[in-house]
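Following: one structure in structure tokens, then a few remarks.
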Amino acid sequence: MQLSNPDAVRGRRVPVVEDGPTITHGGMAYGAGYVAAVAAGAAEIIDPRSAAVPMIKDVFQRYPHIGPVLPAIGYSSAQVQALEATINRAEADVVIAATPLNLAHLIRVNKSVVQASYEFVEAGAPTLGSLVDDFLARVQSKQEEAEQ
């Protein structure tokens, strides 16, 4: 993973906005943005709960496994506004956005935004592709059995 401007993060207080589905439904406490913030030498990763507006607080209550990161929600205009308000209320120097989309184009924040990016790389066996192929073969086999 890499940051668009790691120097802007080093020694700074940062909230980390992570990919929402990965953090909520995916069950992860944090993601690539958090790892990138630590690697870049952020002075402090701000837990967004203290700045969270009610809609964001509800997300933290529904998904108590979430660590000190802000899951990007934004399927409705109200959710986008809640995300924006929470980020703007956070007492921080710069925001790390580890979302597939460019947050700075979606919302107006009162801090600079550093984008975290990452890519998937296979790290051994079994590979993701082989797991998917095995799963699909099992599903197809069960369907063929049901048709007989």
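The values are calculated or read from the model by the stated rules, or taken from the named source; none is laboratory data. Just so you know, these numbers come straight off a predicted model, no measurement behind them. As a convention, Cβ positions derive from the backbone with ideal geometry for all residues, glycine included, and neighbour counts pool all protein chains shown. Heads up: the accessible areas ignore ligands, DNA and RNA and are worked out on the full protein's heavy atoms, side chains in. Shrake-Rupley method; radii C 1.70, N 1.55, O 1.52, S 1.80 Å.
Close amide H contacts of residue 115 (hydrogens built in the peptide plane, cut-off under 5 Å, sequence separation of 5 or more or a different chain): 4, 5, 97.
Treating r as the C-beta distance of residue 145 and residue 25 and R0 as 35 Å, the FRET efficiency rounds to 0.70. Based on DSSP loop calls and a cut-off of at most 16 other Cβ atoms within 10 Å, the longest stretch of the chain free of exposed GluC sites (Glu not before Pro) is what? Formally, the longest exposed-site-free interval is 1-90. Per residue, region 7-148 exposes 58 Å² of solvent-accessible protein surface, assessed with a 1.4 angstrom probe and all protein chains in place. For every helix of n ≥ 4 consecutive DSSP H residues, a contribution of -39,500 (n - 2.57) applies; sum these over the chain, divide by its total residues, and give [θ] at 222 nm rounded to the nearest 500 deg cm²/dmol. Using -39500 (n - 2.57) per qualifying helix, the result is -11500 deg cm²/dmol. Working from label points 7 Å from Cα in the Cα-to-Cβ sense, the residue 35 to residue 10 distance is 2.2 nm.
Averaged across orientations, what area in nm² does the convex hull of the alpha carbons in the chain project? Can you show the working numbers first?
Values: hull surface 44.4 nm².
Average projection, Cα convex hull of the chain: 11.1 nm².
Taking label points 7 Å from Cα along the Cα-to-Cβ direction, residue 122 and residue 80 give a separation of 3.8 nm.
For residue 101 and residue 134, what does the FRET efficiency come to when R0 = 35 Å and r is the distance between their Cβ atoms, rounded to the nearest 0.05?
Numbers: r = 32 Å, r/R0 = 0.92.
That pair, residue 101 with residue 134, gives E of 0.65.
Net charge dipole, the chain: roughly 760 debye, given to the nearest 20, about the Cα centre with Cβ charges of +1 for Lys and Arg and -1 for Asp and Glu.
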